[in-house]
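The block underneath contains the structure these notes are about, expressed in structure tokens.
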Amino acid sequence: MRTPLCDLFGIEYPIFAFTHCRDVVAAVSKAGGLGVLGAVGFSPDQLEVELDWIDEHIDGKPNGVDTVMPQKSTDVHGDSADDLIAQIKGMIDDAHWNYVDELMDRFELPPLPEGEGGHGVIGWAEDVARQHVEVAFAHPIKLIANALGSPPVDIIERAHEAGIKVAALAGKAQHAQRHVNNGVDIIVAQGYEAGGHTGEVATMVLVPEVVDAVSPTPVLAAGGIGTGRQIAASLALGAQGVWLGSLWLTTAESNAGPATLSAYLEASSSDTVRSRCYTGKPARMLRNAWTEAWTDPAGPGPLGMPLQNILTSEANARIARSGRKDLAFAPVGQIVGVMNKVQPVRDVMYRLVEEYIDTIERLDAGVKG
């Protein structure tokens with residue numbers, strides 16, 4: 001399974017693990033891959049705490065950070081999270097506020113305890129994302145990735161000056177070529193099957209298109225990958241490795257809540273939907289009553305990023321506290337159909353490698369025969 005990316009990062013396997021859980025980051029890196037911490041859900045201060053913990057527990061192994069700096073987003077700027085949230089709330093119309101109140105009543109969501117509120121995610125506001133980058137660059141990371149388009153050119157230049165490689169996700173070959181033109185080092189070709197924000201081209205089609213468009217820039221395949229057979233297929237398509245996210249959500253180290261974990265374990269590959277109901281951009285998650293409510297033609301429909309998440313922040317907090325599996329936000333890709341038991345990260349990594357070896361040996365035997 002060794003590719004040039006293994007030598008570039010000093011890792012044993014070209015398996016890159018995107019996760020919001022620091023324990024998974026450390027476990028993947030110590031098992032021979034490269035853990036990448038998703039920063040968007042953290043405040044800059046919280047991200048500092050998470051990266052400090054990783055530095056102390058990763059045994060010197062390489063790791064990275066994933067930020068969200070969308071090329072197109074609502075223009076908000078402020079000195080604090082409260083400033084940003086206040087600005088965003090002021091942009092939301094009464095019809096949307098009323099609809100969220102109606103949904104909270106319809107689903108009988110209990111109010112939050114006094115003094116506890118839903119603050120929402122503001123990590124995709126440029127001011128916060130840049131603070132995330134500043135925090136990340138103060139740690140010994142080897143990779144900085146951007147989930148929505150190319151990072152700003154000044155960020156790419158600073159990363160290169162610090163010896164940090166830059167990755168960017170792409171859902172089209174044209175996007176990948178634009179990333180390379182901006183100086184990005186690694187392209188993550190993320191297919192339609194992926195969890196979270198994703199485009200409309202399937203992985204099997206997308207990966208070779210991107211490889212051909214950006215060669216010799218290395219490409220990681222993403223979307224619907226969760227077995228060693230699929231890793232072998234990804235390398236056969238020209239990728240130099242894989243970018244896996246959903247697979248880690250049901251590991252023993254994952255911080256998924258009980259209701260969300262149960263929903264993952266019970267879901268099939270046909271139980272996901274691309275919805276704008278949580279972030280404002282199309283993102284794949286488990287289909288449930290909450291996602292369906294935002295497709296109701298009688299409703300106002302979701303807002304764009306970052307308004308939608310701030311709009312629904314209280315409702316999301318109430319859902320999380322209530323433990324309602326039928327409403328919980330559960331971002332995941334179509335690979336969820338094989339995520340049917342809880343395993344330690346090390347066992348998952350071992351399985352991926354063993355399946356990959358078995359696949360290559362089977363193919364080699366078939367060719368010789």
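The values are calculated or read from the model by the stated rules, or taken from the named source; none is laboratory data. Because the structure is predicted, anything quoted here is derived from the model rather than measured. All Cβ positions, glycine included, derive from the backbone under ideal geometry; neighbour counts span all protein chains shown. For accessibility, only protein heavy atoms count, side chains too; no ligands or nucleic acids. Shrake-Rupley method; radii C 1.70, N 1.55, O 1.52, S 1.80 Å.
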Flagged as over-length at 20 Å C-alpha distance, from Lys61/Lys142; Lys30/Lys142; Lys61/Lys341, the pairs are Lys61/Lys341
Expressed as an acute angle from 0 to 90° and rounded to the nearest 10, what is the orientation of the C-alpha long axis of helix 94-106 relative to the principal long axis of the chain?
80
For region 235-369, which whole-number percentage of the solvent-accessible area (1.4 Å probe, protein heavy atoms only) is attributable to carbon and sulfur atoms?
53
If r is the Cβ-Cβ distance from Asp105 to Thr295 and R0 is 30 Å, what FRET efficiency results, to the nearest 0.05?
0.95
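Place the peptides 22-28, 55-61, 184-190 in order of packing, highest mean first, counting for every residue the other Cβ atoms within 10 Å and averaging per peptide. Intermediate values should be presented prior to the final figure.
Values: 22-28: 25.3, 55-61: 13.9, 184-190: 27.1.
So the order, starting with the most tightly packed, is 184-190, 22-28, 55-61.
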Relative contact order of region 138-247 (C-alpha contacts under 8 Å, at least 6 apart) in percent is 20
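By the scheme Lys and Arg +1, Asp and Glu -1, what is the net charge of all other residues having a beta-carbon under 10 Å from that of Pro152? Could the numbers behind the result be given before it?
Numbers: positive: Arg130, Arg158; negative: Glu126, Asp154, Glu157.
Result for the local shell: -1.
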What is the angle, in °, between the Cα long axis of helix 203-214 and the longest principal axis of the Cα atoms in the chain? Nearest 10 is fine, range 0 to 90.
70
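With each run of n ≥ 4 DSSP H residues scored as -39500 (n - 2.57), what mean residue ellipticity at 222 nm is computed for the chain after dividing by its residue count and rounding to the nearest 500 deg cm²/dmol? Please report the intermediate quantities before stating the final value.
On the way: 15 runs with 156 residues, N = 369.
One gets -12500 deg cm²/dmol as the mean residue ellipticity at 222 nm.
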Arg130: net charge of surrounding residues, Cβ under 11 Å, Lys/Arg +1, Asp/Glu -1, itself excluded?
-3
Roll a 1.4 Å probe over the protein heavy atoms and report the accessible area of Glu314 in Å², nearest 10.
80
What label, among [x] 20.2, 71; [y] 35.2, 126; [z] 20.7, 65, belongs to Rg and Dmax of the Cα atoms in Å computed from the structure on display?
[x]
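Sort region 27-71 into rounded, prolate or oblate with this rule: let a ≥ b ≥ c be the square roots of the eigenvalues of the Cα gyration tensor; rounded if a/c is under 1.5, and if a/c is not under 1.5, prolate when a/b is larger than b/c, oblate otherwise. Spell out each step's value before the answer.
Working: a/c = 3.29, a/b = 1.51, b/c = 2.18.
It comes out oblate by the Cα gyration axes.
Can you give the accessible area per residue of the chain, in Å², using a 1.4 Å probe?
Values: 15790 Å² over 369 residues.
Value returned for the chain: 43 Å² of accessible area per residue.
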In the full protein assembly as shown, how much of Leu8 is accessible to a 1.4 Å probe, in Å² to the nearest 10?
90
Reported to the nearest 10 Å², Phe42 has, with a 1.4 Å probe, an accessible area equal to 40
Rounded to the nearest 10 degrees, the helix 126-137 long axis (Cα) sits at an angle to the longest Cα principal axis of the chain of 40
Share antiparallel - DSSP beta bridges, the chain, percent rounded to 5:
20
Descending accessible area (1.4 Å probe), largest on the left, turns Glu200, Glu126, Glu48 into Glu200, Glu126, Glu48
Around Lys172 (Cβ within 12 Å, Cβ-to-Cβ, excluding Lys172; K/R +1, D/E -1) the net charge comes to -1
